Amino acid sequence: MARVAVTSTNMEKITGLPRHVAFIMDGNGRWAEKRGLPRLEGHRAGVKNILPIIRYLNNHGIKYTTLYAFSTENWSRPEDEVNGLFHLLEDIIGKEARELHKNGVRIRHIGRLDELSAELQKPIKRAVKLTARNKGMTLGVALNYGGREEILNAVRSIMDGEVPPEDIDEKLFGEYLYTADFADVDLVIRTGGEIRTSNFLIWQAAYSEYYFTPVLWPDFNEEELEKALLAYSQRRRRFGGLQSKAACSGKES
Ligand code: IPE
Ligand code: IPE
Ligand code: MG
């Protein structure tokens, strides 16, 4: 996973990259159904597609990437699908943590860990521990994640800690979220054609740019990613003001 030169035509046109890119990896089920395959085959293809995308982003110096792998609402799916998907995730985290570690990636779990099976918690905890001191890209794995659950969890912790109300501002609140030391999201990419956030990073993406594509997640490749990054670089972010600024790496740049 060595650094690669930025050579493609699209990348030449890109003037600013986001600091934090978050993916709603949607469309696995439809990808399988289109081929007459069981939904789980779509998840298998989707999980296989994760590494090349991470590799690309890491090679291009993206500082934070968050992947929506399983939402708090996804528990309502058939048990077979949930368990099958968990096995695939268990497998990829267990297998790829070392390679990511070698490339300086810091892995973080985003969401409720305690509700996951011991078999799934184990590789996650191991990967987080192994990569904790890395200084490269931070990779947030949102697994059993819900934006509302995260906010409620933060509220409970703040109340437990008896934080005086006058001390509660946006900065402090952000420190109680699963993404405490992440930068705000600059770009959310949703594959699969739905135009909604599905409870993903609702606090952190408050001023994010959104990119929606009908391409199904297993088909979302480097070329599609570059299209999204190019679209992002052409956005003008105003953050409520009048001055439009080029969309590079967010508010503080
Ligand atoms: C996204 O693909 C992966 C998860 C939600 C776990 P889907 O499984 O939602 O795929 P579609 O939307 O049914 O095609
Ligand atoms: C969002 O996709 C969750 C993940 C990608 C993990 P869903 O397929 O679950 O979302 P909805 O049902 O279309 O809102
Ligand atoms: Mg879906």
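Okay, residues lined up against (1) aliphatic (A, V, I, L, M); (2) over 18 Å from the mean Cα position of the chain (by Cα); (3) modelled with pLDDT of 95 or more:
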position: 160; (1), (2), (3): no, yes, yes
position: 188; (1), (2), (3): yes, no, yes
position: 210; (1), (2), (3): no, no, yes
position: 221; (1), (2), (3): no, no, yes
position: 226; (1), (2), (3): no, no, yes
position: 229; (1), (2), (3): yes, no, yes
Item to complete: Answer yes or no as to whether residue 175 is among the acidic types (Asp, Glu), at negative phi and over 16 Å from the mean Cα position of the chain (by Cα).
Response: yes
Worksheet item: For the stretch 68-87, how many residues meet the condition of being surrounded by 20 or more Cβ atoms within 10 Å (Cβ to Cβ) and either more than 16 Å from ligand 3 (Cβ to nearest atom) or outside any helix (DSSP H, G or I) (or both)?
Response: 4
Item to complete: Would you check if there is a residue in the stretch 236-244 being within 30 Å of residue 46 (Cα to Cα), touching a Phe, Trp or Tyr at 6+ places or on another chain (Cβ under 9 Å) and either part of a loop (DSSP other than H, G, I, E, B) or not aliphatic (A, V, I, L, M) (or both)?
Response: no
Discussion item. I'd like the residue in the stretch 73-99 that is small (Gly, Ala, Ser) and within 15 Å of ligand 2 (Cβ to nearest atom) and, out of all such residues, is farthest from residue 141 (Cα to Cα).
Written reply: 76
Fill in: The lone exception for residue 233 - which of (1) touching a Ser or Thr at 6+ places or on another chain (Cβ under 8 Å); (2) more than 21 Å from residue 110 (Cβ to Cβ); (3) within 16 Å of ligand 3 (Cβ to nearest atom) it fails
(3)
Practice prompt. Please identify the pairs in which a residue from the stretch 45-64 that is without any contact (Cβ under 8 Å) to a residue 24 or more places away in the chain has its Cβ atom under 8 Å from the Cβ atom of a residue that is surrounded by fewer than 21 Cβ atoms within 10 Å (Cβ to Cβ) and of a type in the set (Lys, Arg), counting only partners at least 6 apart or on another chain.
Written response: none
Worksheet item: Which ones in the stretch 22-45 are near ligand 1 (Cβ under 9 Å from one of its atoms) and within 16 Å of residue 70 (Cβ to Cβ)?
Response: 24, 25, 26, 27, 28, 29, 39, 42, 43
Worksheet item: From the list 61, 46, 36, which one is closer than 22 Å to residue 223 by Cβ, away from ligand 3 (no atom under 16 Å from the Cβ) and not charged (D, E, K, R)?
Response: 61
Worksheet entry | Subset of the stretch 190-208 that is within 16 Å of ligand 3 (Cβ to nearest atom) and more than 14 Å from the chain's Cα centre (by Cα) - its residue that is surrounded by the most Cβ atoms within 10 Å (Cβ to Cβ) | 192
Worksheet item: Which members of the stretch 9-36 meet the condition of being in a helix (DSSP H, G or I), in contact (Cβ under 8 Å) with a residue 40 or more places away in the chain and in contact with an Asp or Glu (Cβ under 8 Å, 6 or more places away or on another chain)?
Response: 10, 11, 31
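The values are calculated or read from the model by the stated rules, or taken from the named source; none is laboratory data. Keep in mind that what you see is a predicted model, and the values were worked out from it rather than measured. Neighbour counts run over all protein chains shown; Cβ positions are idealised from the backbone, glycine included.
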